[in-house]
Each structure stands twice: as C-alpha cells, then as structure tokens.
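To keep things clear, I will list the structure first and then write my remarks on it.
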Amino acid sequence: MPSPPRPSPKDAAVADELRLFHSGAHACGYWPERVARDLVLDPEDPRLALAYPQALRWGFRRSGDLLYRPHCAACRACVAVRIPVADFVPNRSQRRTLARNADIETRVLPLERNDERLALYRRYLRARHVDGGMDDHGAAEFDQFLIGRWNEGRLLELRLHGRLVAVAVTDLADDALSAVYTFFDPDASTRGLGTLAILQQIAWARREGRAYLYLGYWIEGHRKMDYKRNFQPLEGFDGREWRPMTAWAR
C-alpha cells in the first residue's frame, strides 16, 4: 500500500493554526438514542481550503462549509476510512455490479445545482430519509449541504440512456478524492448505484494519479454504514494513524 503522504510545510502550518471548536451536544445522526458532539475547524477561517487535505488525513469530513470530526465522550463508533486506490481489487459482487451497469454513462462535471439534479436529490431523500429531517430539503439546503463556498468539488453523473440516475458529490484534495454524498433514483435500487458510484470514483482517482478515495465514516454494525468494509483494501484512522481495516479490532 502507498505510505501516507506528508503534508507540505505550508499546509501543515495552516492546519495547525486554525482554531478548533467543540460543538454542543446534539442528537446522533446514526444512533437516535445517543448524544453526539463534534470537533469543528473554525468555519469562518478563509484558509479552510488550504487546510482541507490535511484535515482529511486527520479524519475530518466536509458537510457544507463545515469541517468536522465526531468527538463523543462515551462513543468511538465513527471511524474515518479511505481506499488506497492503487491496491483496490473489486470483489465478485462488485464485478457483477460493473457488468450489470455497463449501459450507464459516467461523466465528471462542475459542482452545480440544476433542476434535474435537485429533483433527483429530493426524490432520493423522500425515499431514504422519511421523517429524518432531510426529506423536505430544497434548493437552499442542496447548496448549503453539498456545494459549499470554499471547496473544490465536482459531480460524478451517472446516466442511463440519457436519464440521470445517480450523482456523487466529490471533493478534490491534492492526492485524494473525497466522496461527500451520493444520491440516486430509488426506482433503480436493484442496480447497486451507490456501489457503482464508489467504483467509478476509484477509477477516476486512478486516472488522475490520486492515492486515496476518502469514504467518510464507517460504523460497525450500522446497516447504512457497514457496507464500506466491502471495499478492500480499506484503511481506518485510529486517531493517530491510518491502519489496514483487516487489522482493526472488533
């Protein structure tokens, strides 16, 4: 596997200088019965774009203009994970997904909202997040949650015979891509479009010579998050270093 890249002195210095806040307690987005808190880099600092690559290496994630990392008093369930793309080998199920979707066209486009993307996003949320606080999102929430003001992002569009069926919001960060959020046509769920989007992001990272695809947080036993273990090899951040997930203590 490739060794973790060293941040440039400039990027490391910027990241070290940013103020770090501890959020107040809030409902956990993954386990409703739990209370969560986050570490958040100063959202008003104009240097966030410079700090972003190093923040990813420290296990942070982008949501809108926020760079955050879960930091809960009694829970360490959220583990930041990434795929070293040069070493990734699709398993049999993933190869079937690629074959099943050979008729889908994939394009990388600017990170912008339009009516077609917004309509698909809202359909996806209504099907997947009923009464979850996101099912009433509109244009403003789309921009606030996915686009942001300072990041360099792209959209990976998947189309079936010209019809938009999936969108993967993806950030560019020097040696890596970061998978921010994927939404797809709920009527095409049997195609495995979420898996396909990750496979296409891996291929994209390889084409551009990027070392990693960051997948956000893995949560063992959580039905919506545990799928990330299917992408091997996978590395997890233990708070100090990135380690192969095959060695992760269960």
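The values are calculated or read from the model by the stated rules, or taken from the named source; none is laboratory data. Keep in mind that what you see is a predicted model, and the values were worked out from it rather than measured. Here the Cβ is made from the backbone with ideal geometry for all residues, glycine too, and neighbour counts use every protein chain on show. For accessibility, only protein heavy atoms count, side chains too; no ligands or nucleic acids. Shrake-Rupley method; radii C 1.70, N 1.55, O 1.52, S 1.80 Å.
Using +1 on the beta carbon of Lys and Arg, -1 on that of Asp and Glu, and nothing else charged, what's the dipole of the stretch 37-110 about the Cα centre, debye to 20?
It works out to roughly 480 debye.
Compute the accessible area per residue over the chain, keeping the other protein chains in place, probe 1.4 Å, unit Å².
Details: 12560 Å² over 250 residues.
Result: 50 Å² per residue.
Farthest toward the positive end of the dipole of the chain, out of Gly29, Leu111, Phe184, is the Cα of Phe184, where the dipole comes from beta carbon charges about the Cα centre. For the stretch 28-39, putting each phi into the Karplus relation 6.51 cos²θ - 1.76 cosθ + 1.60 with θ = phi - 60° gives couplings of 5, x, 10, 10, x, 7, 9, 9, 10, 9, 10, 8 Hz, in residue order, rounded to whole numbers and with x for Gly and Pro.
Only DSSP H runs of four or more residues enter the estimate; each adds -39500 (n - 2.57), and after division by the residues of the chain the mean residue ellipticity at 222 nm equals -7000 deg cm²/dmol.
State the answer as a single residue: which of Tyr121, Ala211, Gln94 lies farthest towards the positive end of the charge dipole of the chain, with beta carbon charges of +1 for Lys and Arg and -1 for Asp and Glu, about the Cα centre. Highest projection toward the positive end goes to Gln94. The phi torsions of the stretch 156-167, fed into the Karplus equation with coefficients 6.51, -1.76 and 1.60 and a -60° offset, translate into couplings of 9, 9, 10, 10, 10, 6, x, 8, 5, 10, 7, 9 Hz, rounded to whole numbers, with Gly and Pro shown as x.
With the full set of protein chains in place, find how many percent of the accessible area of the stretch 159-250 is carbon and sulfur; take the probe as 1.4 Å.
Details: 1760 of 3800 Å².
After summing per-atom areas, the C and S share lands at 46 percent.
Close amide H partners of Ser63, meaning residues 5 or more places away or on another chain with modelled amide H under 5 Å apart, are Tyr68.
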